[in-house]
Each structure stands twice: as C-alpha cells, then as structure tokens.
Amino acid sequence: MPPEEQEQKQVRHRLLDAAESLLRDRGYESLSIRAVNRAAGMNPAAVHYHFGSKQALVTALLERRLRPVWDGRLADLDKLAGAGTPPAISDLAAFLVEPMARLAADEDERWALALLARLVLTDAALPWRSPWSAPGPWITMIRRARPGLPAEVAAERWRLARDLVLLTYGAPLAEPGERTAPPSPEVVTAFVAAGLAAPHHRAEGNGA
C-alpha cells in the first residue's frame with residue numbers, strides 16, 4: 001500500500017476509534033462531528049473529508065465492529081445467490097438470527113447491536129457497503145425458497161423478520177437494567193422461519 005493510502009487508512013482508524021469511545025460514553029444522539037475530530041486530534045473537517053457525514057462515520061464503525069460476526073454467513077449467502085440454489089427457509093432465518101444472538105451474548109458488543117437496532121428501526125438510509133444490508137438480496141432468496149410469493153409480500157415478511165430480530169436482541173427502547181434475557185436462538189429462528197414460510201392467500205379481486 002502506498003504511504004499516502006496507508007496514512008489515510010490510519011487517519012480513518014483514529015476517527016473511528018474516537019467515535020466508538022464517544023458513542024460508548026454518550027450515545028448516538030449526543031455524538032457530534034466536532035467532538036470526534038477533537039478526540040481524534042484532527043482538524044474540524046476530518047470527518048467530512050474521510051466519511052462525508054455523521055451517519056456514514058457511524059455506519060463504517062458498525063461495519064468494522066459487526067462485519068466479522070457476519071463474514072462467514074454472508075459468504076454462504078453469496079454462494080447460494082451465485083449458484084441460484086433455492087435456500088431452505090430455516091437456513092435464511094438462521095442467517096438472520098444467529099449472528100444477532102451471538103452479539104447479544106457478548107457484553108463488549110451489545111452497545112453496537114443496540115446502536116444498529118436504533119438506526120435501522122428508525123428507517124435511516126445508511127450507506128452500507130454490503131449488498132446484504134439492503135432488502136433486495138433477501139427478498140430474492142425468500143422468493144426462491146417460496147416460489148410464487150409476490151415480491152411485495154416477500155419484502156414485507158423480510159422487514160417484519162428483520163425488525164423482530166433487532167427488537168429481540170437489540171432492545172433499543174429499554175434501559176440496560178430493564179432488559180430481560182431473549183429467547184433461545186432456536187426459538188427465535190423457528191418463529192422467524194414460520195413467518196417467512198407462512199401460506200399466502202391471494203386477496204380476492206386484486207391479484208396480489
């Protein structure tokens with residue numbers, strides 16, 4: 001890697017480290033770009049130059065923290081998508097549930113999972129790099145597993161499944177002392193799979 005690129009990478013890491021420290025201490029709402037730049041020892045324009053916005057900075061931070069948990073699963077999904085193989089609904093549910101359950105069980109990662117839930121559940125348009133962070137690939141896989149399911153129904157089922165899992169494990173609306181232990185991953189996976197695989201009855205007269 002050229003020295004200039006290496007330096008840029010180091011600056012980005014410093015900004016991400018500073019943002020993580022501030023997020024753990026203050027939370028997302030109180031996080032300011034000015035504070036991140038100051039904590040990282042950078043000039044006032046550093047975050048905008050390297051990331052473009054607070055949202056993009058936090059998205060990059062979440063990807064850095066959470067992507068390793070999903071790497072193996074995403075590789076499996078990429079293989080299925082590339083081969084055009086219809087996945088089992090139970091496998092799709094497990095792909096969604098198991099990484100979340102793993103994060104929820106890790107005391108050092110729960111803050112990141114709660115932040116992820118807070119951002120996604122408010123429908124923030126986050127600049128994720130992975131295509132699996134968008135609904136399109138999931139909808140395609142659900143429709144392969146459930147031939148004949150309309151795209152709009154598959155999209156709604158995916159959104160409901162995603163939100164359920166985030167609420168179950170991210171608990172963004174609860175204070176730390178108020179959180180109860182989530183159900184086992186097996187129970188949540190079975191519930192999500194049942195929802196994704198539920199029979200679809202076409203509404204009379206609308207062709208849906």
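The values are calculated or read from the model by the stated rules, or taken from the named source; none is laboratory data. Since the structure is predicted, the reported quantities are computational estimates derived from the model, not experimental observations. Cβ atoms come from the backbone with ideal geometry, glycine included; neighbour counts cover every protein chain shown.
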I'm trying to understand the selection: among the residues of region 107-156, which are free of Cβ contacts under 8 Å to residues at least 40 places away in the same chain and within 30 Å of Thr180 (Cβ to Cβ)? Glu107, Asp108, Arg110, Thr122, Asp123, Ser133, Pro135, Glu156
Inside region 1-39, the number of residues satisfying the requirement of being touching a residue at least 40 places away in the same chain (Cβ under 8 Å), surrounded by 16 or more Cβ atoms within 10 Å (Cβ to Cβ) and of a type in the set (D, E, K, R) is 2
With respect to Ala60, is the statement that it is among the aliphatic types (A, V, I, L, M), at negative phi and not assigned by TED's automatic domain parsing to the domain that holds Tyr169 true? yes
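Collect the residues in region 110-123 that are surrounded by 13 or more Cβ atoms within 10 Å (Cβ to Cβ) and either not β-branched (Val, Ile, Thr) or not in a helix (DSSP H, G or I) (or both), keeping them in residue-number order.
Arg110, Trp111, Ala112, Leu113, Ala114, Leu115, Leu116, Ala117, Arg118, Leu119, Leu121
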Any residue at all in region 45-60 that's touching a residue at least 60 places away in the same chain (Cβ under 8 Å) and buried (at least 20 other Cβ atoms within 10 Å of the Cβ)? yes
Residue match in region 88-103 (condition: touching a Leu at 6+ places or on another chain (Cβ under 6 Å), part of a helix (DSSP H, G or I) and within 30 Å of Glu29 (Cβ to Cβ)): yes
Of all residues in region 49-79, which are within 16 Å of Gln8 (Cβ to Cβ) and in contact with a helix residue (DSSP H, G or I) (Cβ under 7 Å, 6 or more places away or on another chain)? His50, Phe51, Leu57, Ala60, Arg64
A careful count of residues in region 165-196 that are modelled with pLDDT of 95 or more and either farther than 17 Å from Arg102 by Cβ or surrounded by fewer than 15 Cβ atoms within 10 Å (Cβ to Cβ) (or both) gives 8
